[in-house]
Amino acid sequence: HYGVVGSQFIKDSSLIITYSVDGTMRLWNFEGKQLRIIEPHDYSAQLYFTNYDKNLFIITSYDDTLRLRDTSNKILQVFPQSSMGIFSPDGNYITTSADDSSLNFWKYSGIDTLPFQKTSILKMDGISLSPPEFSPDQNYFLTSSSDSALRLWNINDVINPQPATRNPKPVSTIKHPA
């Protein structure tokens, strides 16, 4: 486990996961005991995001797939054609960035089947959106984009769009000068 590049808390902040340049992750307790080595699904795995409450984490890689795993290293779900995945603060949603520059929203439905079901897609023609940053109250999220704009969105407008407004509009947009 050389070249550690990051770490995060998982499992209600009682465990730590570290990840390194060699693509491996290791699960540790607070006493410094290594509990498990987690091998990546390919050797170019790069980013890991955790969900404290459900003991889940996402591995993203250069093969444009995300894999949802639990702390036993079981792969629970694969998200194809996705380059980034972020949990909402409550862990009930995952947002993935797709190859077509859209954001896909997935709602937690339970571990018995596929844990997350796609609920909506946010896409802006010709504009790549970054993964969102959720507000602490989870009512809003921010995206930055390839057109140098920062957009604030109401999450309910995106997750539950009204039929008359298939494409939700941001609450506000801040445009950076070129």
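Quick notes on this structure:
- Per-region count, the stretch 88-113, residues of a type in the set (S, T, Y) and farther than 17 Å from L76 by Cα: 4
- In the set (1) at pLDDT below 85; (2) under 19 Å from P170 (Cβ atoms); (3) acidic (D, E), the condition left unmet by D99 is number (2).
- Qualifying residues in the stretch 109-121 (those that are open to solvent by 70 Å² or more (accessible area, probe 1.4 Å) and of a type in the set (A, V, I, L, M, F, W, C)) - the one nearest to L66 (Cα to Cα): L114
- Selection of the stretch 122-143 for residues being closer than 15 Å to V171 by Cβ and open to solvent by 30 Å² or more (accessible area, probe 1.4 Å) yields M124, E133, D137, Q138, N139, Y140, L142.
- Neighbours by Cβ (under 6 Å, 6+ apart or cross-chain): first from the stretch 146-158, within 15 Å of S128 (Cβ to Cβ); second in a strand (DSSP E or B) and open to solvent by 40 Å² or more (accessible area, probe 1.4 Å): A149/T173; A149/K175; L150/S144; L150/I174; R151/T173
- Taking the stretch 17-71 as the range and being surrounded by fewer than 13 Cβ atoms within 10 Å (Cβ to Cβ), modelled with pLDDT of 80 or more and not aliphatic (A, V, I, L, M) as the test, the residues that pass are N29, F30, E31, G32, K33, Q34.
The values are calculated or read from the model by the stated rules, or taken from the named source; none is laboratory data. Predicted, not measured: the structure shown is a model, and the values here were computed from it. Cβ: placed from backbone, ideal geometry, glycine included. Neighbour counts: every protein chain shown. Side chains are part of the model used for accessible areas, which takes the heavy atoms of the whole protein and leaves out ligands, DNA and RNA. Shrake-Rupley method; radii C 1.70, N 1.55, O 1.52, S 1.80 Å.
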